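K.L.:
Structure in structure tokens, see below.
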Amino acid sequence: MSSTKKLTVAQATIEYLQNQFVERDGIEQQFFAGCFGIFGHGNVAGIGQALFQNPTFRYFQFRNEQAMVHTAIAYAKMKNRLGAFVCTTSIGPGATNMITGAATATINRLPVLLLPGDIFATRQVAPVLQQLESQYSQDISVNDCFKPVSKYWDRINRPEQLITALPQAMRILTSPSESGAVTLCMPQDVQAEAFDFPQELFRKKIWQMQRARADDSVLQRAAAIIGKSQSPVIIAGGGVIYSDACAVLKKFVNRTGIPVVETYAGKGSLNYDEPQNLGAAGVTGTPGSIEICAKADVVIGIGTRYSDFTSISQSAFQHASVQFINLNISEFDCFKQGALPVIGDARECIKELDGLLNFFTVSSSYAATIKKYNADWDKAVEKIYTLNHGVPVSQGEVIGAVNTFSDESDVVVCAAGSLPGDLHKLWRTRNCKGFHLEYGYSCMGYEIAGGLGVKMADPSREVYVMVGDGSYLMMAQEIVTSIQEGFKLTIILINNNGFASIGGLSNSLGTEGFGTEYKFRDIKTGQLNGKFLPVDLATNAESLGAVVMRTKDIDSFKTALAEAKNNDRTTVIYIETDREQRVEGYAWWEVPVAEVSTIDSVNDTYEALQKHKKKQRYYL
Ligand SMILES: Cc1ncc(C[n+]2csc(CCOP(=O)(O)OP(=O)(O)O)c2C)c(N)n1
Ligand SMILES: [Mg+2]
């Protein structure tokens, strides 16, 4: 047997990727489920040829490169980072279309492997079609823009560089602490070059996704601090779910009574009806969660990166001597908030803390407070779910109808607009993978493409994509892909004629919703305050091949949900909502306000901002 195998760089890449496996808790699985792509001259004869030659590594055709990265991200999220997709593009615009996707992956710490085509390494033909030239270096292409949004970035200028680049890519992709977008730029000529690669490169390789244990003495210190606390709280972040720590968290808090608040990525860590679950944390938090965090003497952040939505722009934690203890696999996140850093896998760390704290329970008065907050909030949710607002309906009622109709195992998917905050507060979670929010980058356009990734990861569940008209207009084209591949989505398309979220924010900042409604330019005023635009989004969805149901009131909406469940093709349920019937908010969020203005309402808002800012703190 020869010790080398002659393959093109593209063929070697695909063959290598096909042989990569991950193992966690003794369960082994193939890491990549295939390759998403859009072909152009920068990849058609390289990666394209390799995929054509090797149909067992399945190729999926997409409509937009950014969207296909979103689908890959959602897939990896649904798989708790134990599965991923490869994305191939041409050079130039096809490649740079993936940059937003790369940032979305990296901010959410989710693995995607990007293979953008790149300019000729030989340079002889330069500038190739779509090459952006640099006057001071021939060693630069638009693909350098991936550097700040990738966790690993490389350019394969010679075939043998693959041999050392691919294992580095895999190390990052399968690391629970380092995961994110990995970009291997593939010059279009090099992709097609042959090389005698060592056979060992194509051996089956199993990457262990390790459950790192924390340092004993640090765990003991953490237990000692929690053991003496009067009003502890746990912030459950995405790390709880990715580490598959939901069951041990439930056991720990059911026994100790420590309340839990959930971030966007962490919502679902506990089911909604668990007695210790106070629900949404932070800016879009429940009143109980906000109160408990404000008074907490010990804050235990598990698998959270403390975004400003969680920390209420660093005004959430008001106890004079609040002490943070972070359980996190990522050292970077673990040290945030001046915390005692318990660096390790969430599930293992919770288990060990549970053992060390076997003497501890919260006081009965603290438990009673938590119980009351829970009961009060559940009443508030019920009221919003059953508002009977009439036509146009309220967004809260729509969420209520979807939540009530859907099965326990179903998944809701969302990313941007006013829906995420409302869902964060109102969605009654019933399984730890049922609430899929991309709120790290909150990237408009993630919703439908993301829904597709969720469905691909688990076709046994119904996937409910909730999307606003603004996000829909930004990126709806993967409806076509969902139909092509037979991955059925139920898309709830909420039309409120523009940006309810940013419109509301603008109003609250004194700028009267400027630029946030979808209206004609008025000839007299010269402003965008004419009639509403005559856009028909339902017909648009129909034209992409979806089954479309146009609903107006909440009863017809509920009927449509039942019908949609029986469809096997992607179905869009269209409904218009009253943009001003908002779900109440209970916390502040820092958004800058003009320090000087000719408009009184802006000046008033600036004064209010100064008051709120007094509550902000540094935790060192
Ligand atoms: C790609 C992108 N561009 C801009 C924004 C800023 N932004 C956040 S929400 C929003 C409006 C969303 O409108 P829509 O989807 O209709 O939801 P609604 O606010 O009406 O609920 C905008 C522009 C964003 N999050 N993502
Ligand atoms: Mg809207």
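K.L.:
Based on the mean of other beta carbon atoms within 10 Å per residue, what is the order of 374-383, 296-305, 392-401, most packed first? Don't skip to the answer; put the middle values down first.
P.N.:
On the way: 374-383: 15.1, 296-305: 26.3, 392-401: 23.5.
Highest mean packing first, the order is 296-305, 392-401, 374-383.
K.L.:
May I ask you to give the solvent-accessible area per residue for segment 493-620, in square angstrom, as obtained with a 1.4 angstrom probe? Mind dumping the intermediate values first?
P.N.:
Values: 7990 Å² over 128 residues.
Heavy-atom accessible area per residue stands at 62 Å².
K.L.:
Work out the FRET efficiency for ASN567 and LYS371 from their Cβ-Cβ distance, taking R0 = 30 Å, and round it to the nearest 0.05.
P.N.:
On the way: r = 42 Å, r/R0 = 1.39.
The calculated FRET efficiency here is 0.10.
K.L.:
May I ask you to list the residues of segment 573-592 whose amide nitrogen lies under 20 Å from a point 7 Å from Cα along the Cα→beta-carbon direction of THR404?
P.N.:
Inside the label zone: 573-578, 581-584.
K.L.:
So what's the projected area for segment 1-90, the Cα convex hull averaged over all directions, in nm²?
P.N.:
Values: hull surface 28.0 nm².
So the mean shadow area of the Cα hull is 7.0 nm².
K.L.:
Rolling a 1.4 Å sphere over the protein heavy atoms, what is the accessible area per residue of segment 217-302, to the nearest Å²?
P.N.:
Details: 2320 Å² over 86 residues.
Per-residue accessible area for segment 217-302 comes out at 27 Å².
K.L.:
Next question, about the same structure. Charges at C-beta only: +1 for Lys and Arg, -1 for Asp and Glu. How large is the resulting dipole of segment 519-593 about its Cα centre, in Debye rounded to 20?
P.N.:
Details: 11 positive and 12 negative charges, 58 e Å.
Roughly 280 debye for segment 519-593.
K.L.:
Continuing with this model, one more query. Show ILE27, ILE73 ordered by accessible area, largest first, where the area counts protein heavy atoms only and the probe is 1.4 Å. Please list the in-between numbers first.
P.N.:
Values: ILE27 105, ILE73 0 Å².
The most accessible residue leads, giving ILE27, ILE73.
K.L.:
Continuing with the same structure: Would you mind pulling out the separation of the Cα centroids of segment 178-205 and segment 451-511, in Å?
P.N.:
35 Å
K.L.:
Keeping all protein chains in the complex and leaving out DNA, RNA and ligands, what accessible area do you get for VAL125 with a 1.4 Å probe, in Å² to the nearest 10?
P.N.:
In the full protein context, VAL125 sits at about 80 Å².
K.L.:
At a 1.4 Å probe radius, which order do PHE514, PHE335 fall into by accessible area, largest first?
P.N.:
On the way: PHE514 155, PHE335 110 Å².
Sorted by accessible area, descending: PHE514, PHE335.
K.L.:
Quick check: at a probe of 1.4 Å, how many percent of the accessible area of segment 20-89 sits on carbon and sulfur atoms?
P.N.:
Numbers: 1150 of 2280 Å².
Ligands and nucleic acids excluded, carbon and sulfur reach 51 percent.
K.L.:
A further question follows. Looking at the square roots a ≥ b ≥ c of the eigenvalues of the Cα gyration tensor of the chain, which shape do they give, rounded for a/c under 1.5, prolate if a/b is larger than b/c, or oblate? Provide the component values of the computation, followed by the final result.
P.N.:
Values: a/c = 1.65, a/b = 1.22, b/c = 1.35.
It comes out oblate by the Cα gyration axes.
K.L.:
Can you pull the one-decimal nm distance between simple spin-label points at VAL596 and ASN54, each 7 Å off the Cα toward Cβ?
P.N.:
So the two model labels end up 6.3 nm from each other.
K.L.:
Placing one identical point scatterer on every Cα of segment 282-397 and ignoring solvent, what is log10 I(q)/I(0) from the Debye formula at q = 0.13, 0.15, 0.17 Å⁻¹?
P.N.:
Those come out to -0.67, -0.83, -0.99, one per q.
K.L.:
Same structure, new question: Could you work out how much longer the chain between VAL391 and LEU609 gets when fully extended? Use 0.36 nm per residue separation minus the Cα distance between them, nm to one decimal.
P.N.:
Here the segment from VAL391 to LEU609 would lengthen by 74.9 nm.
K.L.:
For the chain, which cysteines have no second Cys with its Cβ under 4.7 Å from theirs?
P.N.:
Isolated Cys, the chain: CYS35, CYS87, CYS145, CYS185, CYS293, CYS334, CYS349, CYS414, CYS443.
K.L.:
Could you tell me which of GLN188, ALA212, ALA169 has its Cα farthest along the dipole of segment 135-273 towards the positive end, charges placed at Cβ (Lys, Arg +1; Asp, Glu -1), taken about the Cα centre?
P.N.:
Farthest towards the positive end: ALA212.
K.L.:
Whole angstrom only: what separates the Cα centroid of segment 573-611 from the Cα centroid of segment 35-103?
P.N.:
39 Å
K.L.:
Can you give me the % of accessible surface on segment 349-459 that is carbon or sulfur? Probe 1.4 Å, all protein chains present, nothing else counted.
P.N.:
Working: 2180 of 3910 Å².
Solvent-exposed carbon and sulfur of segment 349-459 make up 56 percent of the total.
K.L.:
Pull up the DSSP beta bridges for the chain and report the antiparallel fraction as a percent, rounded to 5.
P.N.:
Numbers: 11 of 78 bridges.
Of all bridge pairs located within the chain, approximately 15 percent are antiparallel.
K.L.:
For VAL480 and THR525, calculate 0.36 nm times their separation in residues minus their Cα-Cα distance, and state this gained length in nm to one decimal.
P.N.:
On the way: separation 45, 0.36 × 45 = 16.20 nm, distance 4.01 nm.
Computed gain between VAL480 and THR525 is 12.2 nm.
K.L.:
Moving on to the next point. Stretch LEU620-SER137 to full length: gain in nm at 0.36 nm per residue minus the Cα-Cα span? Display every interim value, and only then the final one.
P.N.:
Numbers: separation 483, 0.36 × 483 = 173.88 nm, distance 4.35 nm.
Full-extension gain reported as 169.5 nm.
K.L.:
Also: With no solvent and one equal point scatterer placed on each C-alpha of segment 66-187, evaluate the Debye formula and give log10 I(q)/I(0) for q = 0.12 Å⁻¹, two decimals.
P.N.:
Normalising to I(0) and taking log10 leaves -0.41.
K.L.:
Shifting gears a bit: 7 Å from Cα along Cα→Cβ at both GLN208 and LYS383: what's the point-to-point distance in nm?
P.N.:
5.4 nm
K.L.:
Quick check: pseudo-label points 7 Å beyond the Cα along Cα→Cβ at VAL218 and ASN431, how many nm apart are they?
P.N.:
The modelled label-to-label distance comes out at 3.4 nm.
K.L.:
Just reorder GLU576, GLU584, GLU478 by solvent-accessible area, largest first, 1.4 Å probe, all chains present.
P.N.:
Sorted by accessible area, descending: GLU584, GLU576, GLU478.
K.L.:
Ok, one more. Roughly what % antiparallel, to the nearest 5, for the DSSP beta bridges in segment 479-576?
P.N.:
Working: 2 of 13 bridges.
Bridges in segment 479-576 are about 15 percent antiparallel.
K.L.:
Nearest 500 deg cm²/dmol is fine: what mean residue ellipticity at 222 nm does the chain get from its DSSP H runs of n ≥ 4 alone, each adding -39,500 (n - 2.57), divided by its residue count? Intermediate values should be presented prior to the final figure.
P.N.:
Numbers: 24 runs with 228 residues, N = 620.
Counting only the DSSP helices, I get -10500 deg cm²/dmol.
The values are calculated or read from the model by the stated rules, or taken from the named source; none is laboratory data. In this text the structure is predicted, and so the values were computed from the model without any measurement. Note: ideal-geometry Cβ built from the backbone for every residue, glycine included; neighbour counts use all protein chains shown. Accessible surface is based on the protein model in full, side chains and every heavy atom, while ligands, DNA and RNA are left aside. Shrake-Rupley method; radii C 1.70, N 1.55, O 1.52, S 1.80 Å.
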